[in-house]
Amino acid sequence: MTAPAAPLETAPPPRRWDPVVKLTHWTIVGAILANGLITEEGSTPHVWVGYALAATLALRLIWGVIGPAEARFAAFPPSPARALAHLREIAQGRRSQHASHNPLGALMVYAIWSTLAVIVVTGVLMANAPAEPKDLVAAPPAAVHSEARESDEIGEEAEAQEGAEGHGEEGPLAEVHETAVNLLYVLIVLHIAGVVFETRRSGRRIVLAMLPGRR
Ligand code: HEM
Ligand code: HEM
């Protein structure tokens, strides 16, 4: 019996993600699920999960400077030109190997991280904002009951003042926090669609490379 012939085509090299990339990925996913679905908005658990998310993001960003080659920012620069070239490659049915995120994936990764940074900064600012001085925005004095028009004006003033406070439920920080969270959800859907698309296109089960125990 002769030994089986070597395959004619060599398989592409498996993608390698180190344990820090894997751990930070799934911790961030867990924190988003927890704060998006479980914890009460603005509650103590919400804020603690938020701090854990912030620390994990910070660890991943430090890892982007000191980690192994494929985890470093230098391995996946944010480049619209490269992303366009990658799109052309997809359209032409060509495939090139990337040791790290492909150029489209790289743009997505930076978009997700930037959005998370906005969520963290606004969340931390709200969590540390002084309690709203409620008596400043209290109902107008009793005397205005007789003067309907004046009462309206004072009511409007109180509303304007509440808006200017900034840290309350309707404040701009909460608005930005919520808008960034909604943008994050859109990015996550696109990210997962991208992972599915890339898996089908490349024939490589790239999700396996993100799971524990695989290298
Ligand atoms: C990705 C994870 C997160 C999700 C999905 C999320 C989601 C939300 C949502 C939907 C709200 C309601 C916003 C509104 O009132 O209009 C909220 C409020 C809040 N979040 Fe987050 N959040 C996240 C991360 C964080 C982080 C990192 C912090 C801080 C460490 C934080 C602190 C707060 C605080 C203090 C509020 C209360 C705002 C208020 O007064 O209404 N969140 N969060
Ligand atoms: C909350 C949801 C998610 C967020 C915010 C998220 C975010 C990210 C980020 C930031 C990266 C870059 C990793 C790094 O370099 O550190 C990444 C990569 C990756 N994610 Fe997710 N992810 C989410 C859910 C998922 C899910 C559900 C899957 C599996 C279906 C998945 C599969 C992957 C894979 C395979 C990569 C590596 C892509 C590549 O090979 O270039 N992610 N994700």
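Quick note: the coordinates plus some simple rules give every number you see, no bench work behind them. Treat the numbers as computed from the prediction; the structure is a model and nothing was measured. Backbone-built Cβ (ideal geometry, glycine too); neighbour counts: all protein chains shown.
Segment Ala193..Asn128, full-extension length gain: 19.8 nm, with 0.36 nm per residue of separation and the alpha-carbon distance subtracted.
In a fully extended conformation the segment linking Ala117 and Glu40 would gain 25.7 nm over its present Cα-Cα distance, using 0.36 nm per residue. Peptides 34-46, 174-186 ordered by packing proxy, namely the average of other Cβ atoms within 10 Å per residue, highest first: 174-186, 34-46. Between the alpha-carbon centres of segment 189-209 and segment 62-124 there is a gap of 14 Å.
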